[in-house]
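Read the structure below first, then the notes.
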Amino acid sequence: MLIQNHHVDLNTPTGVMRCYVYRPKDTEETQGKKFPAIILYSEIFQQTSPIRRSAQIMAGHGFIVLVPEVFHELNPIGTVLGYDDAGRDKGNADKVAKYLEAHDSDTQSMIDHIKSLNVFSGKIGAMGFCLGGGLAYRAAIHPEISATSCFYATDIHSGLTPSKPGNESLTRTGDIKGELQMIWGKQDPHIPAEGRAKVYQNLVEKKVNFTWHEVNGVHAFMRDEGDRYDAELQLLGYQMAIGMFRRCLY
């Protein structure tokens, strides 16, 4: 399926947020068709080339995909951080400077925009990598998110992304009503076995509808750039995510 893309600047309570939109291209094949949407949350580096390619892959399978600049309050529009020490330090500083409540209002702004699109079919999912996996998990508490795929989601177990007391993502897990898919690398030092166990036990206790997948991979195995990339695991990951979204959103 051919795709097209553009960007849109959305107003949020914490400032203007640029979002990059990817969707099936207007062709004779797609004329009159409507598509479900996926909010795709990036790593701390915002929309890098690997994140853009992830969005294109999902759009090419029949979804409207929105990629927000997750730290829009803290950087000029269009900022992309490098996969280097400076980019990592800046992204990690931004992560602890922005509260989950601001991410919540960002999600609401994106949902409002999606619902205004004339090619939107009515169901919304969320997906993310690393920080974005944690933000996708957070988005899943929104009642309009029907399905969520989280890849090596950081900070859920540790609470490093700050929030108001009693509003932590683990505390809000019981609000997740859609289907949840959790995908982890067993050799990932950012979410060790005890951290994964904490998330798993919480999901069981809160009776969330979820599937749990642990693969022999390191952190960021989906990122098709750098020495952590595992092409076999990446293909498996996309197959699992696309399968769930097609089942739950179509």
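Of note:
- Projecting the Cα atoms of T107, N216, L203 onto the dipole axis of the chain, where Lys and Arg carry +1 and Asp and Glu carry -1 at the beta carbon, places L203 farthest toward the positive end.
- Alpha-carbon centroid distance for the pair the range 32-69 / the range 226-250, whole angstrom: 13
- Net charge contributed by nearby residues that have their C-beta within less than 11 Å of N167 (K/R +1, D/E -1): -1
- Normalised radius of gyration (Cα atoms, divided by 2.2 N^0.38 Å) for the range 82-199: 1.09.
- Pairs exceeding a 27 Å alpha-carbon distance, out of K95/K207; K90/K207; K186/K207; K33/K207; K25/K95; K98/K198: K95/K207; K90/K207; K33/K207; K25/K95.
- Whole-angstrom Cα spans of the range 162-248 along principal axes, big to small: 38, 32, 20
- Counting all C-alpha pairs of the chain, share separated by more than 31 Å (%): 16
- Helix runs (DSSP H) in the chain reaching 20 Å along axis by Cα, Kyte-Doolittle at least 0.0: 231-249
- Protection proxy ranking of 179-185, 8-14 - average other beta-carbon atoms within 10 Å, highest first: 179-185, 8-14
- Per-residue ³J(HN,Hα) for the range 174-182, Karplus 6.51 cos²θ - 1.76 cosθ + 1.60, θ = phi - 60°, Hz, x for Gly and Pro: x, 7, 6, 10, x, 7, 10, 10, 10
- Estimated from helical segments only, the mean residue ellipticity of the chain at 222 nm is -10500 deg cm²/dmol, where each DSSP H run of four or more residues counts as -39500 (n - 2.57).
- Distance between the range 193-213 and the range 152-181 - C-alpha centres, whole angstrom: 11
- Rg over Rh [alpha-carbon atoms, Kirkwood Rh] for the range 29-72: 1.05
- The chain: relative contact order in percent, alpha carbon pairs under 8 Å with at least 6 residues between: 17
- Cut-off 19 Å, label 7 Å out along Cα→Cβ of K206, residues of the range 94-115 by amide N: 99-108
All of the numbers you see were taken from the coordinates with simple rules; none came from a lab. The shown structure was predicted, so the numbers you read here are calculated from the model rather than taken from an experiment. No Cβ is skipped: glycine too gets one built from the backbone with ideal geometry, and neighbour counts run over all protein chains shown.
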